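The values are calculated or read from the model by the stated rules, or taken from the named source; none is laboratory data. It should be emphasised that the depicted structure is a prediction, and the values quoted were computed from it without experimental measurement. Virtual Cβ from ideal backbone geometry, glycine too; neighbours counted across all protein chains shown.
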Ligand code: ADP
Ligand code: MG
C-alpha cells in the first residue's frame, strides 16, 4: 500500500476504535487467516466476581479469604481485584504475608508466618507437589459452568478453592461471528483450565480451544501456526500475552489491558471492543484492493 492510503486507513481505523502503532500491522491484517485469542480480559470482561469459597476440612471461609486477599494485594491480575473486592465487601482484613511473588500465568506465592502459601491454578499446585485431592471434583463441576477456580495451599496441603465468574463481553459473540464470515479461524489460547475454556468457547462458537497455556506456550502456538503457513493475528490484554503478541504477524492489544501488551502489539483496540478486529480486517482488505 502507498503511504497515503495507509495514512487514510490509519485515520479510519482510529474512527473504528483501532489505534495503529505500526502501519505495517494494519497492512498485514488483510492477509490474516487465523486469530489466536486470549480468554480472560479479551473475550471476557476481565472483571470477575467471587462466586464461591470452598475451604478444605479444618479451614474456614474467613481464613481462606484473609489469606487469598493478602496474597493478591500485590498482584495486578484481574482475579486479584475480584478477591480484594470480595474481602472488602465482607469486612475481611487481609492476613499478613511476606515474600510475595507473582508467578505469571499461574498464580501467586508468599509466606504466612513460617508457612509457604500458594494461590493459583492446578499447574502451580502440582509443581509444588501439592495434592488437590478432595477439592477437585467440585472445582471441575464449577469449571464446566464457565467459572474460574483457583486453589489455595498452605504448607504442603491444599486448603481450599475460590470460584469466580467473569462475564463474556457483550460484543464478543458478534465479533466472532463476523470474523467467521470473513473466513478467519479462531483459536482460543488461555491460561485457564480446560473445562472453563470449553464452556466459554462453546458459548461463542470458537473453533479450537487451547487451555492451561503459559505465556511461552501461547508464543509457541503462534510460532507453530505460522510455520505451517498460517497468517496469524493474536489478540490479548495481559503480560501473559505479550510474547505471543510480539510473535504474531499482527499483534492486537486491548486498550483496557496492560501497557506491556500494548507495547508488544501493532494495533490496540480502544475500549477492548473486539468488533475493532472486524473493522480492521475489512479496512485492511479494502485498502489493499484500492491500490491494486
Ligand atoms: P488468561 O490466559 O485466561 O488471561 P492467565 O494466563 O493470566 O489467564 O492466568 C492463567 C491462570 O493462572 C488463571 O486462570 C489462574 O488460574 C492462574 N492465575 C494467574 N494469575 C493469578 C493470580 N494473580 N491469582 C490467582 N491465580 C492466578
Ligand atoms: Mg487475559
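A few points about this structure:
- Selected residue (criterion: surrounded by the fewest Cβ atoms within 10 Å (Cβ to Cβ)) from residues of the range 197-253 that are at positive phi and touching a residue at least 24 places away in the same chain (Cβ under 8 Å): 205
- Among the residues listed as 68, 85, the single one being within 12 Å of ligand 1 (Cβ to nearest atom) and in contact with a strand residue (DSSP E or B) (Cβ under 8 Å, 6 or more places away or on another chain): 68
- Scanning the range 19-27 turns up no residue that is exposed (fewer than 15 other Cβ atoms within 10 Å of the Cβ), under 17 Å from the mean Cα position of the chain (by Cα) and farther than 26 Å from residue 137 by Cβ.
- Residues (closer than 20 Å to residue 173 by Cβ and at pLDDT below 95) located in the range 258-273: 270, 271, 272, 273
- Counting residues in the range 167-181 that are in contact with a helix residue (DSSP H, G or I) (Cβ under 9 Å, 6 or more places away or on another chain) and closer than 24 Å to residue 55 by Cα gives zero.
- You will find that of 248, 286, 253, the residue that is farther than 27 Å from residue 145 by Cβ, more than 14 Å from the chain's Cα centre (by Cα) and modelled with pLDDT of 95 or more is 248 and no other.
- Selection status of residue 36, within 16 Å of ligand 2 (Cβ to nearest atom), in contact (Cβ under 8 Å) with a residue 60 or more places away in the chain and within 30 Å of residue 222 (Cα to Cα): yes
- Each residue in the range 186-226 was checked for being within 25 Å of residue 260 (Cα to Cα) and either within 16 Å of ligand 2 (Cβ to nearest atom) or out of contact with any helix residue (DSSP H, G or I) (no Cβ under 8 Å at 6 or more places or on another chain) (or both), and 25 pass.
- Residue 292, sole failed condition from (1) more than 16 Å from ligand 2 (Cβ to nearest atom); (2) touching a helix residue (DSSP H, G or I) at 6+ places or on another chain (Cβ under 9 Å); (3) modelled with pLDDT under 95: (2)
- Scoring residue 235 on the criteria (1) within 15 Å of ligand 2 (Cβ to nearest atom); (2) over 11 Å from the mean Cα position of the chain (by Cα); (3) closer than 19 Å to residue 279 by Cβ; (4) at pLDDT 95 or above leaves a single failure, condition (2).
- Out of 30, 25, sole residue that is out of contact with any helix residue (DSSP H, G or I) (no Cβ under 7 Å at 6 or more places or on another chain), farther than 21 Å from residue 110 by Cβ, in the same structural domain as residue 252 (by TED's automatic domain parsing) and touching a residue at least 40 places away in the same chain (Cβ under 8 Å): 25
- Looking across the range 70-87, the residues that are more than 16 Å from ligand 2 (Cβ to nearest atom) and either outside any helix (DSSP H, G or I) or farther than 16 Å from residue 47 by Cα (or both) come down to 70, 71, 73, 74.
- Given (1) more than 16 Å from ligand 2 (Cβ to nearest atom); (2) within 21 Å of the chain's Cα centre (by Cα); (3) under 28 Å from residue 253 (Cβ atoms), index of the condition residue 51 fails: (3)
- Out of 102, 123, 128, sole residue that is surrounded by fewer than 21 Cβ atoms within 10 Å (Cβ to Cβ) and out of contact with any strand residue (DSSP E or B) (no Cβ under 8 Å at 6 or more places or on another chain): 123
- Scope the range 226-246; condition within 15 Å of ligand 1 (Cβ to nearest atom) and within 14 Å of residue 29 (Cα to Cα); matching residues: 234, 235, 245
- Residues that are away from ligand 1 (no atom under 16 Å from the Cβ), closer than 27 Å to residue 269 by Cα and part of a loop (DSSP other than H, G, I, E, B) within the range 26-61 comprise 32, 33, listed in sequence order.
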